[in-house]
Amino acid sequence: MISKMKFLSCIVMKEESEKIMKEFINAGVLHPVNIEEIEKDIKLPVGMKEEEKEILRIEERIKKLTEKAKLHFEWEKTENLTYQNVEKILVEIEKYIQPITEKEEKLQKEIQQEEKKLQIGKQFNFLPFKPDSYYSFIKIYFISVEKEKLLLLEEKLKNIHHILHFLREIDKNELFYSLIILKENIHKVEEIMEKLNVKKYEYPENLWQISQKKEEIEKKLEREKGEIRKIEEEIKNYLLKKNKEINAILSFISERKAILKFKNFSANTDETTIICGWIPEEDEKKIRGKIKNLPFWIEKEAEDIKIDRKEIPVKIRNNKFLKPFEMLVSTFGIPGYKTIDPTFFIALTFIFMFGFMFSDAGHGLILFLLGMFLFYQKKEIMKNSGKLIMYAGISSSLFGILFGSFFGIDFHPLFFKPIENTMKLVKIGIFTGISVITAGIIFNLINSAREKDYEKLFFDKNGLISGLIYWFSTGMIIKKISQKIPIHISYFIVLLFLFTLFISGPIFLSIFRRKEANILSGFFEKLMELIETALGYLSNTISFIRLSAFSLAHTGLFIAIFQISKILNHIANGSLSWFIIIMGNIFVIILEGMIVSIQALRLNYYEFFSKFFITGKKIYQPIKVEK
């Protein structure tokens, strides 16, 4: 349901403007109108940009103070708080925390240095080698060699005195070794390493000290980390004591941001502030008590404002059951103000179509459980998606019982088996299409009447005359097929009259309004439109046969899965057969579930919404304090 909107315009004294804005913000029902769009010469209040910068600075300071404490803050009232109070509180907190955080930062740097030492030692397996210059007769290398070249390296070093010691595996193709040789063989060994593409690593001069002091470094690290934990605990405890003040600051900042946002839509004269906006009719009581004492205010019906209806914000108001289906409507577009909200109708049609095409009691149960899991997540979009999947699961289960299917296993149906009654299935699809298209035409008539667009009401391709042509034509065809009797000539006379009216009506209207009109070209244009409309209605109706097709496909897939499992049961053991059945069910739930969802949406969007949906521009967004 789309709420009826009222337009509010009020003028208040400049010194009282923020107080009034706070009242509007706390009520959370006014969708403000941008004054600058109406009056180009009116500018924003001076100093707003500076205040926005100040708010950002305060937010950064609070973030820096509290990011490590990971505290949960709650809303506090802020009647007496000012920017001066905020500064005083923040300076006091920073004065206490700053020396502690400086000590923490110093310890963090020391920890990084010690961890770097341990990393170096670990890289070289904490071998107690002194600097290269210390040794007179030997040369120490740290090398990496490819696994496939290791045997070749050992073969080349066979006649040279050496010690090749494995340290670690760099990755699956490369190994890390230490190589000790006599200095007199340096030239030969380097030549061998170069040919085999062996990488050399310079080991640090402080490796000896690191290896000798490994335990001491580790103890120092543990001690310093313990000191940091104590500092973090001290900061957290202090912030908990200051919890109320910090909450008040955050609440004050949120309120100031909302007021600044409000000011973006207001305008100032020398002594007054002008505030305009839209209020839903059902929320009018929340704000009436706040505005009745204002010196000057005007409240008007939306119809009394000379404004394009598309510019009026739209508030969609539905119960909890229908909330998830608002996502399906908003994906197509925002319904225009005072037009029909199709949420209730898409709830009926989507649930019916999904269940009809995806009829299996077992699969419906799986979808219901998946929906329940998503419903208990924290995010609102996950909750609504969960509800949608739960509804789809219930519909699938009900149709599964009607059609006799549980995870593809047949049982006695309450209605009929789709595979044995294909014509009945097709008839249901066609009659569903006729019903949905009829609803679309009726909604278009209602929308046209509300807009007082009587030409559209009668002569639109989804108007009254087109609708009558569609209903008479489908009635004649149904009567011919079901009763198998000749159609009376009076039906054709009525249709001919409707065709003539559809073609000639707009042309006569143009003449009556004294507009220039080329009667011949207008006639052929409307004739082509009539043919296009007739073909469109025919294709729209036939399009609903896909309901029957996907219902049969669902059954057909299971026949194929069970046939494959029977063949494998004869060839291999029974476990492979069950594996095919389980995997087949998973495949059907995931793939066909997605396809059926898309098809149900497609039928609603292109065969139903396209008949009547008028898109709006703005969704109703009142300014509130973000808590």
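If the condition is being over 21 Å from Leu118 (Cβ atoms) and surrounded by fewer than 12 Cβ atoms within 10 Å (Cβ to Cβ), then segment 185-217 contributes His187, Glu191, Glu194, Asn197.
Under the condition of being over 29 Å from Ile210 (Cα atoms), surrounded by 12 or more Cβ atoms within 10 Å (Cβ to Cβ) and among the aliphatic types (A, V, I, L, M), the residues counted in segment 143-163 number 5. From the list Leu374, Leu457, the one residue that fits, being over 30 Å from Gly336 (Cα atoms) and either of a type outside the set (Val, Ile, Thr) or part of a loop (DSSP other than H, G, I, E, B) (or both), is Leu374. Quick check: anything in segment 381-394 closer than 13 Å to Thr555 by Cα and open to solvent by 70 Å² or more (accessible area, probe 1.4 Å)? Scanning segment 381-394, I find no residue that is closer than 13 Å to Thr555 by Cα and open to solvent by 70 Å² or more (accessible area, probe 1.4 Å), so the answer is no.
Checking each residue in segment 418-454 for being open to solvent by 40 Å² or more (accessible area, probe 1.4 Å) and either part of a loop (DSSP other than H, G, I, E, B) or of a type in the set (Gly, Ala, Ser) (or both) picks out Asn421, Ser435, Ala449, Lys452, Asp453.
Checked against (1) closer than 18 Å to Ile316 by Cβ; (2) free of Cβ contacts under 8 Å to residues at least 60 places away in the same chain; (3) among the aliphatic types (A, V, I, L, M), Leu398 passes all but condition (1). Cβ separations smaller than 7 Å between residues 6+ apart or across chains give the following pairs from segment 255-269 residues that are closer than 17 Å to Asn34 by Cβ and in a loop (DSSP other than H, G, I, E, B) to residues that are at pLDDT 80 or above and not polar (S, T, N, Q): Phe265/Pro32; Phe265/Val33; Ser266/Ile274; Ser266/Ile275. Go through the residues of segment 77-95 one by one and say whether even a single one is at pLDDT below 80, among the aliphatic types (A, V, I, L, M) and either closer than 30 Å to Ile316 by Cα or part of a loop (DSSP other than H, G, I, E, B) (or both). Taking every residue of segment 77-95 in turn, none turns out to be at pLDDT below 80, among the aliphatic types (A, V, I, L, M) and either closer than 30 Å to Ile316 by Cα or part of a loop (DSSP other than H, G, I, E, B) (or both).
Could you tell me whether Pro131 is open to solvent by less than 50 Å² (accessible area, probe 1.4 Å), modelled with pLDDT under 85 and touching a strand residue (DSSP E or B) at 6+ places or on another chain (Cβ under 6 Å)? It is false that Pro131 is open to solvent by less than 50 Å² (accessible area, probe 1.4 Å), modelled with pLDDT under 85 and touching a strand residue (DSSP E or B) at 6+ places or on another chain (Cβ under 6 Å).
A single entry from Glu155, Glu174, Glu105, Glu146 fulfils the requirement of being farther than 17 Å from Lys220 by Cα and free of Cβ contacts under 8 Å to residues at least 24 places away in the same chain: Glu155.
Among the residues making up segment 218-249, those that are open to solvent by less than 60 Å² (accessible area, probe 1.4 Å) and not charged (D, E, K, R) are Leu221, Gly226, Ile228, Ile231, Ile235, Tyr238, Leu239, Asn243, Ile246, Asn247, Ala248, Ile249. A count restricted to segment 324-369 and to residues that are more than 23 Å from the chain's Cα centre (by Cα) and of a type in the set (Asp, Glu) stands at 1.
Residues that are over 20 Å from Ile437 (Cα atoms) and surrounded by 20 or more Cβ atoms within 10 Å (Cβ to Cβ) within segment 323-333 comprise just one, Pro324.
Residues being in contact with a Lys or Arg (Cβ under 6 Å, 6 or more places away or on another chain) and at pLDDT 65 or above are entirely absent from segment 36-45. Scanning segment 336-371 for residues that are part of a helix (DSSP H, G or I), over 24 Å from Ser551 (Cβ atoms) and open to solvent by less than 70 Å² (accessible area, probe 1.4 Å) yields one hit, Thr343. Given the residues Lys320, Lys285, which is the only one that is modelled with pLDDT of 75 or more, under 36 Å from the mean Cα position of the chain (by Cα), loosely packed, with under 14 Cβ neighbours inside 10 Å and in a loop (DSSP other than H, G, I, E, B)? When all the criteria are applied, what remains is Lys320. Filtering Ile140, Ile180 for residues that are aliphatic (A, V, I, L, M), more than 49 Å from the chain's Cα centre (by Cα) and surrounded by fewer than 16 Cβ atoms within 10 Å (Cβ to Cβ) leaves a single hit, Ile180.
The values are calculated or read from the model by the stated rules, or taken from the named source; none is laboratory data. Remember, predicted model here, so these are calculated numbers, not experimental data. Positions of Cβ are backbone-derived with ideal geometry, glycine not excepted, and every protein chain shown enters the neighbour counts. These area figures cover heavy atoms from the full protein model, side chains too; ligands, DNA and RNA do not enter into them. Shrake-Rupley method; radii C 1.70, N 1.55, O 1.52, S 1.80 Å.
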